[in-house]
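Okay, so here's the structure we're looking at.
The values are calculated or read from the model by the stated rules, or taken from the named source; none is laboratory data. Computed from a prediction, not measured in an experiment: that's the story for all the values here. Cβ atoms come from the backbone with ideal geometry, glycine included; neighbour counts cover every protein chain shown. Heads up: the accessible areas ignore ligands, DNA and RNA and are worked out on the full protein's heavy atoms, side chains in. Shrake-Rupley method; radii C 1.70, N 1.55, O 1.52, S 1.80 Å.
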Amino acid sequence: MLWYGFMTEDDKMHINQYIINRLKEEDIKEYTCVELIMNSIRKDTIICNPGILGSGILATNLSQESNTTILEYSNMLVCIYSNIKYKDYDGKLYRDRIK
């Protein structure tokens with residue numbers, strides 16, 4: 001499980017590249033990595049402090065059925081959070097995948 005605390009979009013991209021590099025070093029080619037992130041995340045500034053701006057799951061060696069279930073579940077969470085506000089900020093989620 002991946003958790004993103006006080007971070008920017010630039011920080012997230014740095015973490016994603018780190019993950020991709022480690023997967024390559026270990027010669028792991030089959031993986032699923034899905035992230036759910038609040039729409040209020042910005043490129044290089046933190047505009048609100050909900051504690052956690054997003055979270056994700058990184059899984060390897062799963063069946064195609066399990067990978068599909070993870071993707072379907074993450075889509076459901078994006079739908080559930082489609083009208084959410086955190087204080088006065090956009091609390092909606094979007095889904096991102098590391099490939």
Query raised in the report: Using beta carbons and a limit of 6 Å, which pairs, at least six apart or on different chains, have the first residue in segment 1-25 and closer than 13 Å to Ser40 by Cα and in a helix (DSSP H, G or I) and the second one open to solvent by 100 Å² or more (accessible area, probe 1.4 Å) and at pLDDT below 85?
Result: Glu9/Lys43
Query - Positions within segment 61-70 being open to solvent by less than 80 Å² (accessible area, probe 1.4 Å) and assigned to a helix (DSSP H, G or I), in sequence order - result: Ser66, Asn67, Thr68, Thr69, Ile70
**Report entry** Residue within segment 42-60 that is open to solvent by less than 80 Å² (accessible area, probe 1.4 Å), of a type in the set (Val, Ile, Thr) and modelled with pLDDT of 85 or more present
**Finding:** yes
Report summary line: Residues in segment 53-71 that are of a type outside the set (Gly, Ala, Ser) and under 14 Å from the mean Cα position of the chain (by Cα) total 5
Query - Residue tally, condition among the β-branched types (Val, Ile, Thr) and either open to solvent by 60 Å² or more (accessible area, probe 1.4 Å) or more than 23 Å from Glu9 (Cβ to Cβ) (or both), over segment 71-99 - result: 2
Report summary line: All conditions in (1) acidic (Asp, Glu); (2) open to solvent by 60 Å² or more (accessible area, probe 1.4 Å); (3) on the phi < 0 side of the Ramachandran plot; (4) modelled with pLDDT of 85 or more are true of Asp10 except (2)
